[in-house]
Amino acid sequence: MQVATTARNRKEKEEKNKRKNRKQLGFATRAIHAGQKPDPATGAIALPIYQTTTYAQSAVGVNKGYTYSRTGNPTVAALEENLAELEGGAGAACFATGMAAITAAFGLLNSGDHAIVSTVVYGGTPRLCNNILSRYGLKFSYIDTSDPDAVRRAMKENTKIIFIETPANPTLKLSDIRALAEIKGDAKLIVDNTFLTPAFQLPLELGADVVVHSTTKYIEGHNTTVGGALIPKDPKLLEDYKYFQNAVGTILSPFNAWLTIRGLKTLDLRMRKHSENAQKIAEHLESHPKVSKVLYPGLPSFPQAELAKKQHRGHGGMLAFELKGGVKAGLKFAKSLSLITLAENLGAIETMVTHPATMTHAAMSKEAREQAGITDGLIRLSVGLEDVNDLIEDLDEAIRLAL
Ligand SMILES: Cc1ncc(COP(=O)(O)O)c(C=O)c1O
(Lines give C-alpha, C1' and ligand atoms only; values in the text may rest on other atoms or scores of the structure.)
Protein backbone atom coordinates (compact mmCIF):
# COMPACT_ATOMS: atom_id res chain seq x y z
CA MET A 1 0.00 0.00 0.00
CA GLN A 2 2.83 2.34 1.04
CA VAL A 3 4.73 1.48 -2.16
CA ALA A 4 1.66 2.21 -4.31
CA THR A 5 1.13 5.59 -2.60
CA THR A 6 4.77 6.61 -3.09
CA ALA A 7 4.66 5.64 -6.77
CA ARG A 8 1.43 7.62 -7.17
CA ASN A 9 2.98 10.65 -5.45
CA ARG A 10 6.00 10.47 -7.74
CA LYS A 11 3.77 10.24 -10.81
CA GLU A 12 1.69 13.19 -9.60
CA LYS A 13 4.84 15.24 -9.05
CA GLU A 14 6.11 14.40 -12.52
CA GLU A 15 2.77 15.37 -14.02
CA LYS A 16 2.84 18.65 -12.09
CA ASN A 17 6.36 19.45 -13.30
CA LYS A 18 5.34 18.62 -16.83
CA ARG A 19 2.41 21.02 -16.47
CA LYS A 20 4.65 23.72 -15.03
CA ASN A 21 7.08 23.40 -17.94
CA ARG A 22 4.22 23.58 -20.40
CA LYS A 23 3.11 26.90 -18.86
CA GLN A 24 6.29 28.43 -20.22
CA LEU A 25 5.37 27.48 -23.78
CA GLY A 26 3.37 29.92 -25.86
CA PHE A 27 -0.40 29.71 -26.15
CA ALA A 28 -0.44 28.44 -29.75
CA THR A 29 2.11 25.72 -28.89
CA ARG A 30 0.11 24.54 -25.91
CA ALA A 31 -3.14 24.55 -27.92
CA ILE A 32 -1.50 22.19 -30.41
CA HIS A 33 0.43 19.94 -28.02
CA ALA A 34 -1.11 19.83 -24.54
CA GLY A 35 -2.67 16.44 -23.87
CA GLN A 36 -1.55 15.20 -27.30
CA LYS A 37 1.14 12.65 -27.89
CA PRO A 38 1.58 10.22 -30.77
CA ASP A 39 -0.40 7.03 -30.20
CA PRO A 40 1.95 4.62 -28.35
CA ALA A 41 0.55 1.60 -30.22
CA THR A 42 1.05 2.89 -33.78
CA GLY A 43 2.79 6.26 -33.66
CA ALA A 44 -0.26 7.92 -35.28
CA ILE A 45 0.24 11.62 -34.74
CA ALA A 46 -3.49 12.33 -34.58
CA LEU A 47 -5.05 11.00 -31.43
CA PRO A 48 -7.39 8.06 -32.17
CA ILE A 49 -11.12 8.34 -31.61
CA TYR A 50 -11.61 5.79 -28.85
CA GLN A 51 -15.08 4.85 -30.01
CA THR A 52 -15.81 2.31 -27.32
CA THR A 53 -18.47 1.81 -24.70
CA THR A 54 -16.43 -0.17 -22.23
CA TYR A 55 -12.89 -1.37 -21.47
CA ALA A 56 -11.52 -4.84 -20.75
CA GLN A 57 -10.45 -5.49 -17.16
CA SER A 58 -7.76 -8.07 -16.43
CA ALA A 59 -9.40 -8.90 -13.08
CA VAL A 60 -12.24 -7.40 -11.08
CA GLY A 61 -11.28 -3.80 -10.34
CA VAL A 62 -8.02 -4.00 -12.34
CA ASN A 63 -8.14 -1.69 -15.36
CA LYS A 64 -6.11 0.90 -17.24
CA GLY A 65 -7.97 3.87 -15.76
CA TYR A 66 -11.14 3.49 -17.82
CA THR A 67 -14.19 1.32 -17.21
CA TYR A 68 -17.19 2.77 -19.07
CA SER A 69 -17.47 5.71 -21.46
CA ARG A 70 -20.12 7.55 -19.43
CA THR A 71 -17.46 7.82 -16.73
CA GLY A 72 -14.40 8.52 -18.87
CA ASN A 73 -12.93 8.10 -22.34
CA PRO A 74 -9.33 8.65 -23.53
CA THR A 75 -10.28 10.97 -26.42
CA VAL A 76 -12.42 13.09 -24.10
CA ALA A 77 -9.63 13.02 -21.49
CA ALA A 78 -7.12 14.37 -24.03
CA LEU A 79 -9.42 17.31 -24.75
CA GLU A 80 -9.89 17.88 -21.02
CA GLU A 81 -6.14 17.99 -20.46
CA ASN A 82 -5.72 20.49 -23.25
CA LEU A 83 -8.50 22.81 -22.03
CA ALA A 84 -7.26 22.66 -18.43
CA GLU A 85 -3.81 23.62 -19.65
CA LEU A 86 -5.05 26.56 -21.71
CA GLU A 87 -7.30 27.99 -18.98
CA GLY A 88 -4.87 27.20 -16.13
CA GLY A 89 -7.33 24.96 -14.24
CA ALA A 90 -6.86 21.89 -12.06
CA GLY A 91 -8.49 19.86 -14.82
CA ALA A 92 -11.58 19.96 -17.00
CA ALA A 93 -14.83 18.09 -17.39
CA CYS A 94 -16.22 18.01 -20.93
CA PHE A 95 -19.97 17.78 -21.42
CA ALA A 96 -22.39 16.93 -24.23
CA THR A 97 -23.35 20.62 -24.60
CA GLY A 98 -22.61 23.99 -23.04
CA MET A 99 -25.98 23.80 -21.27
CA ALA A 100 -25.05 20.41 -19.77
CA ALA A 101 -21.90 22.05 -18.37
CA ILE A 102 -23.92 24.94 -16.91
CA THR A 103 -26.40 22.44 -15.43
CA ALA A 104 -23.52 20.71 -13.64
CA ALA A 105 -22.17 24.06 -12.41
CA PHE A 106 -25.50 24.77 -10.68
CA GLY A 107 -26.18 21.08 -10.04
CA LEU A 108 -23.85 20.94 -7.03
CA LEU A 109 -26.06 23.40 -5.13
CA ASN A 110 -28.61 22.33 -2.54
CA SER A 111 -32.25 23.30 -2.25
CA GLY A 112 -32.47 26.78 -0.71
CA ASP A 113 -29.09 27.95 -2.06
CA HIS A 114 -28.96 31.26 -3.88
CA ALA A 115 -27.11 32.23 -7.06
CA ILE A 116 -26.50 35.60 -8.70
CA VAL A 117 -26.68 35.55 -12.49
CA SER A 118 -25.85 38.43 -14.87
CA THR A 119 -28.91 40.10 -16.38
CA VAL A 120 -27.26 39.71 -19.80
CA VAL A 121 -26.40 36.10 -20.57
CA TYR A 122 -27.21 33.55 -23.25
CA GLY A 123 -31.01 33.07 -23.08
CA GLY A 124 -30.71 29.36 -22.33
CA THR A 125 -29.12 30.06 -18.95
CA PRO A 126 -32.08 31.92 -17.37
CA ARG A 127 -34.41 29.39 -19.05
CA LEU A 128 -32.56 26.61 -17.21
CA CYS A 129 -32.54 28.53 -13.92
CA ASN A 130 -36.16 29.73 -14.01
CA ASN A 131 -37.95 26.76 -15.56
CA ILE A 132 -35.91 23.77 -14.39
CA LEU A 133 -33.56 24.45 -11.46
CA SER A 134 -36.04 26.60 -9.53
CA ARG A 135 -38.21 23.45 -9.24
CA TYR A 136 -35.48 21.98 -7.04
CA GLY A 137 -35.56 24.93 -4.67
CA LEU A 138 -32.60 26.92 -6.03
CA LYS A 139 -33.04 30.70 -5.86
CA PHE A 140 -31.76 33.13 -8.49
CA SER A 141 -31.26 36.89 -8.63
CA TYR A 142 -30.53 38.58 -11.95
CA ILE A 143 -28.13 41.43 -11.33
CA ASP A 144 -26.23 43.87 -13.51
CA THR A 145 -22.85 42.30 -12.74
CA SER A 146 -21.04 45.10 -14.60
CA ASP A 147 -21.67 47.00 -11.34
CA PRO A 148 -19.72 45.32 -8.49
CA ASP A 149 -21.69 47.36 -5.91
CA ALA A 150 -24.96 45.94 -7.22
CA VAL A 151 -23.48 42.45 -6.80
CA ARG A 152 -22.29 43.27 -3.29
CA ARG A 153 -25.80 44.45 -2.37
CA ALA A 154 -27.36 41.29 -3.83
CA MET A 155 -25.11 38.90 -1.89
CA LYS A 156 -26.92 36.90 0.77
CA GLU A 157 -25.75 34.48 3.42
CA ASN A 158 -26.83 31.59 1.21
CA THR A 159 -25.25 32.95 -2.03
CA LYS A 160 -23.14 30.10 -3.39
CA ILE A 161 -22.54 31.12 -7.00
CA ILE A 162 -21.97 34.33 -8.95
CA PHE A 163 -22.44 33.36 -12.59
CA ILE A 164 -21.29 35.84 -15.21
CA GLU A 165 -20.77 35.95 -18.93
CA THR A 166 -18.19 38.49 -20.07
CA PRO A 167 -18.44 39.71 -22.79
CA ALA A 168 -22.11 38.85 -22.53
CA ASN A 169 -24.32 37.45 -25.24
CA PRO A 170 -25.53 39.47 -27.16
CA THR A 171 -24.82 43.04 -25.95
CA LEU A 172 -21.10 42.41 -25.23
CA LYS A 173 -21.52 44.01 -21.78
CA LEU A 174 -18.48 43.33 -19.59
CA SER A 175 -18.16 42.42 -15.94
CA ASP A 176 -14.94 43.16 -14.09
CA ILE A 177 -13.71 39.69 -13.08
CA ARG A 178 -11.04 40.97 -10.70
CA ALA A 179 -13.48 43.29 -8.90
CA LEU A 180 -16.06 40.51 -8.51
CA ALA A 181 -13.39 38.10 -7.25
CA GLU A 182 -12.64 40.56 -4.47
CA ILE A 183 -16.21 40.61 -3.20
CA LYS A 184 -17.32 37.03 -3.79
CA GLY A 185 -16.49 35.77 -0.29
CA ASP A 186 -17.19 32.02 -0.10
CA ALA A 187 -19.35 32.03 -3.23
CA LYS A 188 -17.85 30.54 -6.40
CA LEU A 189 -17.28 33.01 -9.20
CA ILE A 190 -18.13 31.15 -12.41
CA VAL A 191 -17.27 32.82 -15.72
CA ASP A 192 -18.71 31.82 -19.08
CA ASN A 193 -15.64 32.46 -21.28
CA THR A 194 -17.29 31.31 -24.51
CA PHE A 195 -16.95 34.65 -26.36
CA LEU A 196 -13.21 35.24 -25.86
CA THR A 197 -11.77 31.79 -25.08
CA PRO A 198 -8.45 31.40 -23.22
CA ALA A 199 -6.73 32.90 -26.27
CA PHE A 200 -7.97 36.35 -25.17
CA GLN A 201 -9.15 36.11 -21.55
CA LEU A 202 -8.02 34.03 -18.57
CA PRO A 203 -10.70 34.30 -15.86
CA LEU A 204 -8.94 31.95 -13.41
CA GLU A 205 -5.87 34.20 -13.46
CA LEU A 206 -8.14 37.17 -12.70
CA GLY A 207 -9.56 35.47 -9.61
CA ALA A 208 -12.50 33.39 -10.87
CA ASP A 209 -13.08 29.87 -9.52
CA VAL A 210 -14.49 28.15 -12.58
CA VAL A 211 -14.54 28.72 -16.34
CA VAL A 212 -17.48 27.54 -18.44
CA HIS A 213 -17.41 26.99 -22.18
CA SER A 214 -19.88 26.20 -24.83
CA THR A 215 -17.16 24.46 -26.87
CA THR A 216 -19.78 24.45 -29.64
CA LYS A 217 -18.53 27.96 -30.38
CA TYR A 218 -14.93 29.18 -30.88
CA ILE A 219 -13.23 26.25 -29.11
CA GLU A 220 -14.36 23.79 -31.80
CA GLY A 221 -14.97 26.62 -34.20
CA HIS A 222 -16.19 24.88 -37.36
CA ASN A 223 -19.97 24.54 -36.86
CA THR A 224 -19.69 20.76 -36.59
CA THR A 225 -20.35 19.83 -32.94
CA VAL A 226 -22.13 20.77 -29.73
CA GLY A 227 -20.18 20.50 -26.49
CA GLY A 228 -19.36 22.16 -23.20
CA ALA A 229 -16.72 22.28 -20.49
CA LEU A 230 -16.19 23.21 -16.85
CA ILE A 231 -12.66 24.09 -15.81
CA PRO A 232 -12.29 24.70 -12.07
CA LYS A 233 -9.24 25.87 -10.18
CA ASP A 234 -9.90 23.52 -7.27
CA PRO A 235 -9.22 19.78 -7.85
CA LYS A 236 -11.97 18.85 -5.35
CA LEU A 237 -14.51 20.81 -7.38
CA LEU A 238 -13.35 18.97 -10.50
CA GLU A 239 -13.98 15.68 -8.74
CA ASP A 240 -17.49 16.86 -7.80
CA TYR A 241 -18.26 17.93 -11.38
CA LYS A 242 -17.07 14.57 -12.70
CA TYR A 243 -19.17 12.76 -10.11
CA PHE A 244 -22.21 14.79 -11.16
CA GLN A 245 -21.47 14.20 -14.84
CA ASN A 246 -21.22 10.43 -14.38
CA ALA A 247 -24.34 10.30 -12.23
CA VAL A 248 -26.42 12.39 -14.64
CA GLY A 249 -24.82 11.00 -17.82
CA THR A 250 -23.86 14.15 -19.71
CA ILE A 251 -20.32 13.45 -20.93
CA LEU A 252 -19.17 14.56 -24.40
CA SER A 253 -18.98 11.87 -27.09
CA PRO A 254 -15.52 10.67 -28.27
CA PHE A 255 -16.17 11.80 -31.85
CA ASN A 256 -17.19 15.31 -30.78
CA ALA A 257 -14.16 15.43 -28.47
CA TRP A 258 -11.92 14.51 -31.41
CA LEU A 259 -13.39 17.23 -33.63
CA THR A 260 -13.03 19.72 -30.78
CA ILE A 261 -9.37 18.80 -30.33
CA ARG A 262 -8.82 19.37 -34.03
CA GLY A 263 -10.50 22.75 -33.79
CA LEU A 264 -8.48 23.78 -30.74
CA LYS A 265 -5.21 23.35 -32.61
CA THR A 266 -5.95 26.48 -34.66
CA LEU A 267 -7.68 28.47 -31.90
CA ASP A 268 -4.90 31.04 -31.62
CA LEU A 269 -4.83 31.78 -35.36
CA ARG A 270 -8.59 31.78 -35.67
CA MET A 271 -9.18 34.14 -32.74
CA ARG A 272 -6.69 36.66 -34.11
CA LYS A 273 -8.36 36.64 -37.53
CA HIS A 274 -11.89 36.76 -36.02
CA SER A 275 -10.80 39.87 -34.09
CA GLU A 276 -9.13 41.52 -37.04
CA ASN A 277 -12.22 41.05 -39.23
CA ALA A 278 -14.61 42.11 -36.45
CA GLN A 279 -12.63 45.29 -35.73
CA LYS A 280 -12.75 46.30 -39.41
CA ILE A 281 -16.47 45.56 -39.69
CA ALA A 282 -17.26 47.37 -36.42
CA GLU A 283 -15.42 50.47 -37.65
CA HIS A 284 -17.15 50.27 -41.03
CA LEU A 285 -20.63 49.92 -39.47
CA GLU A 286 -19.97 52.74 -37.02
CA SER A 287 -19.30 55.11 -39.91
CA HIS A 288 -22.33 53.88 -41.90
CA PRO A 289 -25.06 56.54 -42.10
CA LYS A 290 -27.88 53.97 -41.71
CA VAL A 291 -26.48 52.34 -38.56
CA SER A 292 -27.55 53.90 -35.26
CA LYS A 293 -25.41 51.93 -32.80
CA VAL A 294 -22.46 49.50 -32.83
CA LEU A 295 -21.30 47.53 -29.79
CA TYR A 296 -17.79 46.06 -30.03
CA PRO A 297 -15.26 46.08 -27.16
CA GLY A 298 -12.46 47.09 -29.56
CA LEU A 299 -14.14 50.39 -30.52
CA PRO A 300 -13.09 53.51 -28.56
CA SER A 301 -16.83 54.35 -28.35
CA PHE A 302 -17.59 51.09 -26.48
CA PRO A 303 -18.91 52.11 -23.03
CA GLN A 304 -16.44 49.79 -21.25
CA ALA A 305 -13.47 50.19 -23.63
CA GLU A 306 -11.06 50.74 -20.73
CA LEU A 307 -12.10 47.58 -18.90
CA ALA A 308 -11.88 45.67 -22.20
CA LYS A 309 -8.27 46.82 -22.62
CA LYS A 310 -7.45 45.72 -19.08
CA GLN A 311 -9.23 42.38 -19.15
CA HIS A 312 -8.80 41.14 -22.75
CA ARG A 313 -5.82 40.29 -24.88
CA GLY A 314 -8.04 40.61 -27.96
CA HIS A 315 -11.70 41.45 -28.40
CA GLY A 316 -12.98 38.49 -30.41
CA GLY A 317 -15.36 38.13 -33.30
CA MET A 318 -18.71 39.10 -31.78
CA LEU A 319 -20.41 42.44 -32.31
CA ALA A 320 -23.93 43.82 -32.14
CA PHE A 321 -25.55 46.71 -33.94
CA GLU A 322 -28.83 48.43 -34.62
CA LEU A 323 -30.10 49.89 -37.86
CA LYS A 324 -31.82 53.27 -37.94
CA GLY A 325 -35.05 51.59 -39.12
CA GLY A 326 -35.35 49.52 -35.91
CA VAL A 327 -36.93 46.03 -35.83
CA LYS A 328 -38.55 46.18 -39.26
CA ALA A 329 -35.33 47.15 -40.97
CA GLY A 330 -33.37 44.62 -38.90
CA LEU A 331 -35.54 41.70 -39.97
CA LYS A 332 -35.45 42.79 -43.63
CA PHE A 333 -31.67 43.14 -43.38
CA ALA A 334 -31.25 39.59 -42.01
CA LYS A 335 -33.33 38.25 -44.91
CA SER A 336 -31.36 40.19 -47.51
CA LEU A 337 -27.88 38.86 -46.78
CA SER A 338 -26.47 36.48 -49.35
CA LEU A 339 -23.03 35.38 -48.08
CA ILE A 340 -23.67 35.76 -44.34
CA THR A 341 -26.00 33.12 -42.89
CA LEU A 342 -28.93 33.73 -40.58
CA ALA A 343 -28.33 31.08 -37.86
CA GLU A 344 -28.45 30.45 -34.10
CA ASN A 345 -24.80 29.56 -33.60
CA LEU A 346 -21.76 31.82 -33.16
CA GLY A 347 -18.00 31.48 -33.04
CA ALA A 348 -17.42 29.50 -36.21
CA ILE A 349 -15.44 30.11 -39.38
CA GLU A 350 -18.62 31.11 -41.28
CA THR A 351 -20.02 34.57 -40.56
CA MET A 352 -23.49 34.29 -39.00
CA VAL A 353 -26.14 36.79 -38.08
CA THR A 354 -28.81 36.43 -35.39
CA HIS A 355 -31.83 38.42 -34.28
CA PRO A 356 -31.55 37.77 -30.51
CA ALA A 357 -35.08 38.92 -29.56
CA THR A 358 -36.70 36.21 -31.70
CA MET A 359 -33.90 33.63 -31.78
CA THR A 360 -31.21 33.07 -29.11
CA HIS A 361 -32.96 35.13 -26.40
CA ALA A 362 -36.60 34.37 -27.26
CA ALA A 363 -36.88 32.26 -24.09
CA MET A 364 -36.44 35.42 -21.97
CA SER A 365 -39.49 37.60 -21.22
CA LYS A 366 -39.68 40.89 -23.12
CA GLU A 367 -39.28 42.68 -19.80
CA ALA A 368 -36.09 40.74 -18.94
CA ARG A 369 -34.75 41.43 -22.42
CA GLU A 370 -35.43 45.15 -22.09
CA GLN A 371 -33.72 45.19 -18.71
CA ALA A 372 -30.71 43.51 -20.31
CA GLY A 373 -30.60 46.02 -23.19
CA ILE A 374 -31.60 43.39 -25.77
CA THR A 375 -33.78 45.67 -27.85
CA ASP A 376 -36.03 44.27 -30.57
CA GLY A 377 -33.89 45.99 -33.20
CA LEU A 378 -30.56 44.53 -32.05
CA ILE A 379 -28.65 42.38 -34.56
CA ARG A 380 -25.81 40.10 -33.45
CA LEU A 381 -23.01 39.36 -35.84
CA SER A 382 -20.55 36.50 -35.37
CA VAL A 383 -17.76 37.54 -37.69
CA GLY A 384 -16.09 34.61 -39.41
CA LEU A 385 -12.85 34.12 -41.27
CA GLU A 386 -13.89 35.05 -44.81
CA ASP A 387 -12.20 37.90 -46.71
CA VAL A 388 -13.41 40.94 -44.85
CA ASN A 389 -14.15 42.95 -48.01
CA ASP A 390 -16.63 40.29 -49.13
CA LEU A 391 -18.37 40.49 -45.76
CA ILE A 392 -18.54 44.29 -45.85
CA GLU A 393 -20.00 44.19 -49.36
CA ASP A 394 -22.70 41.73 -48.24
CA LEU A 395 -23.56 43.84 -45.17
CA ASP A 396 -23.73 47.06 -47.21
CA GLU A 397 -25.99 45.53 -49.83
CA ALA A 398 -28.36 44.06 -47.20
CA ILE A 399 -28.51 47.44 -45.39
CA ARG A 400 -29.29 49.13 -48.73
CA LEU A 401 -32.15 46.68 -49.37
CA ALA A 402 -33.49 47.02 -45.80
CA LEU A 403 -33.71 50.81 -45.66
C1 LIG B 1 -22.28 32.29 -24.09
C2 LIG B 1 -22.97 30.97 -24.20
N3 LIG B 1 -22.89 30.10 -23.19
C4 LIG B 1 -23.51 28.90 -23.26
C5 LIG B 1 -24.26 28.52 -24.36
C6 LIG B 1 -24.92 27.17 -24.41
O7 LIG B 1 -24.12 26.29 -25.12
P8 LIG B 1 -24.67 25.05 -25.99
O9 LIG B 1 -25.51 25.62 -27.09
O10 LIG B 1 -23.43 24.38 -26.45
O11 LIG B 1 -25.48 24.20 -25.08
C12 LIG B 1 -24.35 29.40 -25.44
C13 LIG B 1 -25.11 29.02 -26.63
O14 LIG B 1 -25.35 29.81 -27.54
C15 LIG B 1 -23.70 30.66 -25.36
O16 LIG B 1 -23.76 31.56 -26.35
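A150 passes every criterion in (1) part of a helix (DSSP H, G or I); (2) within 11 Å of the ligand (Cβ to nearest atom); (3) touching a strand residue (DSSP E or B) at 6+ places or on another chain (Cβ under 6 Å) apart from (2).
If only residues of the range 66-81 that are assigned to a loop (DSSP other than H, G, I, E, B) and of a type in the set (S, T, N, Q) are counted, the one that is farthest from the ligand (Cβ to nearest atom) is T67. Taking the residues in the range 354-372 that are within 14 Å of the ligand (Cβ to nearest atom) and of a type in the set (A, V, I, L, M, F, W, C) as candidates, determine which candidate is nearest to Y218 (Cα to Cα). Residue satisfying both the conditions and the ranking: M359. For the range 353-373, what are the residues that are closer than 18 Å to K173 by Cβ and either in contact with an Asp or Glu (Cβ under 7 Å, 6 or more places away or on another chain) or free of Cβ contacts under 8 Å to residues at least 24 places away in the same chain (or both)? Matches in the range 353-373: T354, A357, T360, E367, R369, E370. The set of residues in the range 82-120 being within 16 Å of the ligand (Cβ to nearest atom), at pLDDT 95 or above, among the hydrophobic types (A, V, I, L, M, F, W, C) and out of contact with any helix residue (DSSP H, G or I) (no Cβ under 7 Å at 6 or more places or on another chain) consists of L83, A96, A100, A101, A105. Using the structure shown, decide if V62 is of a type in the set (V, I, T), more than 15 Å from the ligand (Cβ to nearest atom) and more than 22 Å from the chain's Cα centre (by Cα). Taking the combined requirement at face value, the residue satisfies it. Among residues of the range 153-164 that are charged (D, E, K, R), those with a beta-carbon under 6 Å from a residue that is crowded, with 17+ Cβ neighbours inside 10 Å at least six positions away or on a different chain give the pairs K156/H114; K160/L109; K160/D113; K160/A187. For the range 82-119, a residue qualifies if it is among the small types (G, A, S) and in a helix (DSSP H, G or I), and the qualifying residues are A84, G98, A100, A101, A104, A105, G107. Name every residue in the range 267-298 that is hydroxyl-bearing (S, T, Y) and either buried (at least 18 other Cβ atoms within 10 Å of the Cβ) or in the same structural domain as L238 (by TED's automatic domain parsing) (or both), in order of residue number. Within the range 267-298, S275, Y296 qualify. When you look at R380, is it surrounded by 17 or more Cβ atoms within 10 Å (Cβ to Cβ) and in contact with a strand residue (DSSP E or B) (Cβ under 6 Å, 6 or more places away or on another chain), yes or no? It is true that R380 is surrounded by 17 or more Cβ atoms within 10 Å (Cβ to Cβ) and in contact with a strand residue (DSSP E or B) (Cβ under 6 Å, 6 or more places away or on another chain). Taking first residues from the range 38-51 that are touching a residue at least 24 places away in the same chain (Cβ under 8 Å) and partners that are among the aliphatic types (A, V, I, L, M), the Cβ contacts under 6 Å between residues at least 6 apart in sequence or on separate chains come to L47/A78. Just one of the numbered conditions (1) touching a strand residue (DSSP E or B) at 6+ places or on another chain (Cβ under 6 Å); (2) not in a strand (DSSP E or B) is not true of K293: (2).
The requirement of being part of a helix (DSSP H, G or I) and loosely packed, with under 12 Cβ neighbours inside 10 Å is fulfilled nowhere in the range 31-49; no residue meets it.
Among the residues making up the range 128-138, those that are farther than 17 Å from R369 by Cβ and crowded, with 18+ Cβ neighbours inside 10 Å are L133, L138. Considering the range 90-124, the residues that are farther than 20 Å from L204 by Cβ and β-branched (V, I, T) include one that is nearest to the chain's Cα centre (by Cα), namely T97. Restricting the range 339-350 to residues that are under 18 Å from the mean Cα position of the chain (by Cα) and crowded, with 21+ Cβ neighbours inside 10 Å, the residue that is farthest from the ligand (Cβ to nearest atom) is A348. Residues that are more than 30 Å from L342 (Cβ to Cβ), surrounded by fewer than 21 Cβ atoms within 10 Å (Cβ to Cβ) and in contact (Cβ under 8 Å) with a residue 40 or more places away in the chain occur at least once in the range 206-225.
As a summary of the residue check, S301 satisfies the conditions (1) of a type in the set (S, T, N, Q); (2) part of a helix (DSSP H, G or I); (3) outside the structural domain of A104 (by TED's automatic domain parsing) except for the one numbered (2).
The values are calculated or read from the model by the stated rules, or taken from the named source; none is laboratory data. Here the structure is a predicted model, which means the values were calculated and not measured. Methodologically, a virtual Cβ is constructed for each residue, glycine included, from the backbone with ideal geometry; neighbour enumeration extends over all protein chains shown.
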